[in-house]
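Visitor: There's a structure below that I have some questions on.
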Amino acid sequence: MSAVLYQIYQRSFADSNADGIGDLRGIIGRLDHLEWLGIDGVWLSPVTRSPNADWGYDVSDFCSIEPDFGTMEDLDLLIAEAGTRGIRVLLDLVPNHTSDQHPWFLDSRSSRGAARRDWYVWADPKDDGSPPNNWVSSFGGPAWTPDPGTGQSYLHNHLAEQPDLNWWNEEVRAAFDEIIRFWCDRGVAGFRIDVCNVIIKDAELRDNPVATEDDDFEAQLFGQRSVYNTNRPEVHEVIRRWRSLVDDYREPLILLGETPVPLSELSHYYGNGGDELHLAFNFPFISASFECGVLREIVEQTEASLPPGAWPAWTGSNHDMFRFPTRWAGDDVRKVRLALLMLLSLRGTPVLYQGDEIGLGNTKVEHADMRDPLGVRYWPYYDGRDAGRTPMPWRGVPGGGFTEPDVRPWLPLGDVAACNVERQRSDPGSVLSLARTLIAVRREEPDLRTGSYRSLAAPDGVWAWMRGDRHFVVLNMKDTRAVVPHLDGTLRITTDGSRLDEPVRGELALAPWEGVIGATTTR
């Protein structure tokens, strides 16, 4: 659990065959960067076969590789090559739904008596022809699509091309047992589980109530309180089943859940005595504003609510939530550095998204270049998620080192001359150098890997805490200078790279948006 994880959105990571699309061979070619950075494990966005209505999250075969990314042999080689560098590989598991092109669904919709009819959620329309209930899709509109061939509608919490599986069906559960075993037997280190809080729906398909201003953001959708189509208590039976399955393997495997739930619900996904998820993403944290009081309250509520032995997971960016250097920091490099120090020094597992380590911000994507179905559907009111999915800039040259100079990438590159790995790797004062130093010191110091979190008193706008017995972390999250009293020790890391080994005697002065990690003088 002391690992540093790294999300790879492989379509945008590295293109090995000059088709403008990142692939598995491209990842293999960049493993040295991840080893140099100090990454312990990578989470790959879905590599399985897909028609790409939602870019891999509409799976048409759970046990084969999407040809855009390569072959099964390429994945085997990636797992092996990563392993020689001490890096484990996690796959993205999508259990809530399939593609509407999956053979299971093609059979299910063929007739009401089809062998796999009950593998999906089908229901009759109401007497007036309206949908079976009032549930809405996360992509907008009703969560039901009529099927003229059988006279019923099928449920899809996302796109119509992503029909929801019926997890009340034991055959569905058994099929996913086999899928999990298939990949575990190939040497993966575990799974990030897509929308794992959504897979069970109310058996009676009751209407959701109207949301109120008192409802948590994570508990509502398009004006509804998602009571009956998310966070059903029976979902924990399924997660416990998965945990039991992966625990049977000799190598330690982890289950990392996508859990967009209120803080009051998050601890439930760890189970009793650690019998559910190993790690659960904290969406109130990633969705919060970059303010001292807001983030501190979320972290401390999380610490107080998790069951004994549970381990938090922290991330600032992902393929859905945009890049934190823009969303949190407004592309202010001081705030970018501060956010990295925060993520890599809290108690828990940090999960970096590709580009976080160089402070890569969002890239403007014009309407004509949009590929995200949300952006295509809702532009100009919403630009979609493409701005956080653009290719990784490895070098400041045409193609950015992502692809060949004369190849058009699947999404546009940003200003590769301004922000790229090669340029920052040779600069000891770069964001990348800070990220690498933070990871290295975290690895060296047991306090920073596994030590407890204990809040320290600090002035308004300053967040300070102890890790373990000896290390203190202080973040000045405001535009003015701050002085923190009652600290003694030596500075180990500072966000601007200066003041290393500076002694602290009684008080610590910090510049605006400066952060430090120090070691106390007492043992």
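The values are calculated or read from the model by the stated rules, or taken from the named source; none is laboratory data. The structure presented is a predicted model; accordingly, all values stated were derived computationally and were not measured. Backbone-built Cβ (ideal geometry, glycine too); neighbour counts: all protein chains shown.
Visitor: When the range 75-101 is examined, which residues are found to be farther than 24 Å from D58 by Cβ and part of a loop (DSSP other than H, G, I, E, B)?
Guide: R85, G86, I87
Visitor: Ok, one more. Within the range 373-385, does at least one residue satisfy the condition of being over 26 Å from H158 (Cα atoms), touching a residue at least 40 places away in the same chain (Cβ under 8 Å) and either buried (at least 22 other Cβ atoms within 10 Å of the Cβ) or among the hydrophobic types (A, V, I, L, M, F, W, C) (or both)?
Guide: no
Visitor: Another question about this same structure. Cβ-Cβ below 6 Å, separation at least six or inter-chain, first residue in the range 58-85 and in the same structural domain as C184 (by TED's automatic domain parsing) and farther than 24 Å from P163 by Cβ, second part of a loop (DSSP other than H, G, I, E, B) and modelled with pLDDT of 95 or more: which pairs?
Guide: Close Cβ pairs (under 6 Å, with a partner that is part of a loop (DSSP other than H, G, I, E, B) and modelled with pLDDT of 95 or more) amount to G70/D23; I79/G187.
Visitor: If you check S108 against the conditions, is it hydroxyl-bearing (S, T, Y) and touching a Lys or Arg at 6+ places or on another chain (Cβ under 6 Å)?
Guide: The answer is yes for S108.
Visitor: Separate question: Are any of the residues in the range 9-28 in a strand (DSSP E or B) and β-branched (V, I, T)?
Guide: Within the range 9-28, not a single residue is in a strand (DSSP E or B) and β-branched (V, I, T).
Visitor: Restricting to the range 254-295, and then to whatever is part of a helix (DSSP H, G or I) and touching a Gly at 6+ places or on another chain (Cβ under 9 Å), can you tell me which residue is surrounded by the fewest Cβ atoms within 10 Å (Cβ to Cβ)?
Guide: G293
Visitor: While we're looking at this one, here's another question. Pick from D177, D215, D194, D185: which is farther than 26 Å from M72 by Cβ and among the acidic types (D, E)?
Guide: D215
Visitor: If you go through the range 329-349, how many residues are within 22 Å of P262 (Cβ to Cβ) and under 16 Å from the mean Cα position of the chain (by Cα)?
Guide: Selection size over the range 329-349: 3.
Visitor: Among the numbered conditions (1) surrounded by fewer than 19 Cβ atoms within 10 Å (Cβ to Cβ); (2) outside any loop (DSSP other than H, G, I, E, B); (3) among the hydrophobic types (A, V, I, L, M, F, W, C); (4) free of Cβ contacts under 8 Å to residues at least 60 places away in the same chain, tell me where L245 comes up short.
Guide: Only one criterion is unmet by L245, namely (4).
Visitor: In the range 509-521, is there at least one residue being out of contact with any Phe, Trp or Tyr (no Cβ under 7 Å at 6 or more places or on another chain) and at pLDDT below 95?
Guide: yes
Visitor: Tell me which residues, restricted to the range 296-336, are part of a helix (DSSP H, G or I) and touching a helix residue (DSSP H, G or I) at 6+ places or on another chain (Cβ under 6 Å).
Guide: Listed by number, the residues that qualify are I298, Q301, S305, F324, P325, V336.
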